[in-house]
1. Looking at the stretch 124-143, which of the residues that are of a type in the set (Gly, Ala, Ser) and in contact with a strand residue (DSSP E or B) (Cβ under 9 Å, 6 or more places away or on another chain) is nearest to residue 242 (Cα to Cα)?
2. Could you say which residue among 157, 209 is of a type in the set (Gly, Ala, Ser), open to solvent by 10 Å² or more (accessible area, probe 1.4 Å), over 30 Å from residue 115 (Cβ atoms) and without any contact (Cβ under 8 Å) to a residue 40 or more places away in the chain?
Amino acid sequence: MPYFEGADGASLFYTDWGQGKPVVFVTGAWLSSSAWEFQMLPLSEKGLRCVAYDKRGHGRSDWVGHGYDYDTLADDLAALLDHLDLRDVTLVAHSMGGGEAIRYLTRHGNDRVSRIVLIAVTAPLAIRTPDNPEGIEQSSLEAGLAIRTSDRPRWMAQNTQAFFATHLGNEVSSELMEWTVQRCLDCSAKAAVEVVRIGACTDLRGESAALRVPTLIIHGDADASAPVHLCGRRMAELVPGNVYKEYPPGGTRHLYHPRRATQPGPDRLHRDTSS
């Protein structure tokens, strides 16, 4: 199986399908590269080269006990692009993976990346601070992490419906939800905690405003993990020249899976702005 060496020697698994202009997928917390199969398969059959990887502590990559900060995660992404010598990349990132994409661009530049797509990202800052009073309390974040850590399988099972927003009419099979939960559980307990902390507590407001590549931001208004008023709408205000698409009733995991109660079209676009 294909592996590359991460920033500090960690062995990281990747998938590489198709030929053509490269699209690199960056997963969010807990998920492995297999979560992108619904995008990678059709796109790789339409003339694009689709690459995804398991971040450290996830899936088939090394379950190391360190390196869950955005600098190291961005350096891992840089190592992948260097390993495959990818250029003119479209970078597609989900959830806290958006922070990796943003930090990559501000840390390594945009020589290899020509555009980015940010899907349900936790950026720019989810935690409460004096100048971010609508954010999540640190104590609430830590309490939630303690509950998850005590029984991850049970917590995942209890919260799956919220992730997919099936209570709002989204059509997702129970089998697909169970499959996704299993992917989420296929990461180390250490990684499961640390990536949530880094995703919620890192202030990416300045870096988001400094982005200089074409940016598409996609967010669901029913997102249970990255509240749209803290994340998607804030990103739309910060990133220069972005295109912002907000979908009702999009859930956290549902946005990048293929089945919806109704396919979104112009009449279902809640908000679409470019500045």
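The values are calculated or read from the model by the stated rules, or taken from the named source; none is laboratory data. A quick note: this is a predicted structure, and the numbers were derived from the prediction, not measured. FYI the Cβ positions are ideal-geometry reconstructions off the backbone, even for glycines, and counts take in every protein chain you see. Keep in mind that these areas ignore ligands, DNA and RNA; they rest on the heavy atoms of the full protein, side chains included. Shrake-Rupley method; radii C 1.70, N 1.55, O 1.52, S 1.80 Å.
1. So, considering only residues that are of a type in the set (Gly, Ala, Ser) and in contact with a strand residue (DSSP E or B) (Cβ under 9 Å, 6 or more places away or on another chain), the one nearest to residue 242 (Cα to Cα) is 126.
2. After ruling out the rest, the residue left standing is 157.
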